[in-house]
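Have a look at the structure below before the remarks.
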């Protein structure tokens, strides 16, 4: 088996959704499909609409994003923007995310080096 199994990969992705969506919104207003596309480009995984929109509604209810409808493109779209509280949440979540991956790397990378340099015996 190469890398993480599908379930582990999905769990890792799901655990990072909020910080990824907030990070996408740093660049300015986005609508649902553009958020999906940006996350897929960055992560290689697509956020399903059934996961994205409840997350966006929660972020809006928590005051982390603002939503408004526009039809400038000839089509009604709900656009999302990051609020100042959302920026603070992103800073905090990104710091937590980085710290967690640094701690995990402290365990995983030495083990990987050991496997690479010395064959692990069974």
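The values are calculated or read from the model by the stated rules, or taken from the named source; none is laboratory data. Since the structure is predicted, the reported quantities are computational estimates derived from the model, not experimental observations. Cβ: placed from backbone, ideal geometry, glycine included. Neighbour counts: every protein chain shown.
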Residue under evaluation residue 59, criteria (1) out of contact with any strand residue (DSSP E or B) (no Cβ under 6 Å at 6 or more places or on another chain); (2) surrounded by 12 or more Cβ atoms within 10 Å (Cβ to Cβ); (3) part of a helix (DSSP H, G or I), criterion not met: (1)
Every residue from segment 62-107 that is surrounded by 14 or more Cβ atoms within 10 Å (Cβ to Cβ), part of a loop (DSSP other than H, G, I, E, B) and in contact with a helix residue (DSSP H, G or I) (Cβ under 7 Å, 6 or more places away or on another chain): 64
Hey, residue 98 at pLDDT 90 or above, within 21 Å of residue 14 (Cβ to Cβ) and within 23 Å of the chain's Cα centre (by Cα) or not: no
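Do we find a residue being touching a strand residue (DSSP E or B) at 6+ places or on another chain (Cβ under 6 Å), under 21 Å from residue 92 (Cβ atoms) and touching a residue at least 12 places away in the same chain (Cβ under 8 Å) anywhere in segment 33-49? So that I can check it myself, show each step before the final result.
Of segment 33-49, the ones touching a strand residue (DSSP E or B) at 6+ places or on another chain (Cβ under 6 Å) are none.
So far as segment 33-49 goes, no, none of its residues is touching a strand residue (DSSP E or B) at 6+ places or on another chain (Cβ under 6 Å), under 21 Å from residue 92 (Cβ atoms) and touching a residue at least 12 places away in the same chain (Cβ under 8 Å).
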Residue in segment 36-49 that is part of a loop (DSSP other than H, G, I, E, B) and over 15 Å from residue 14 (Cβ atoms) present: no
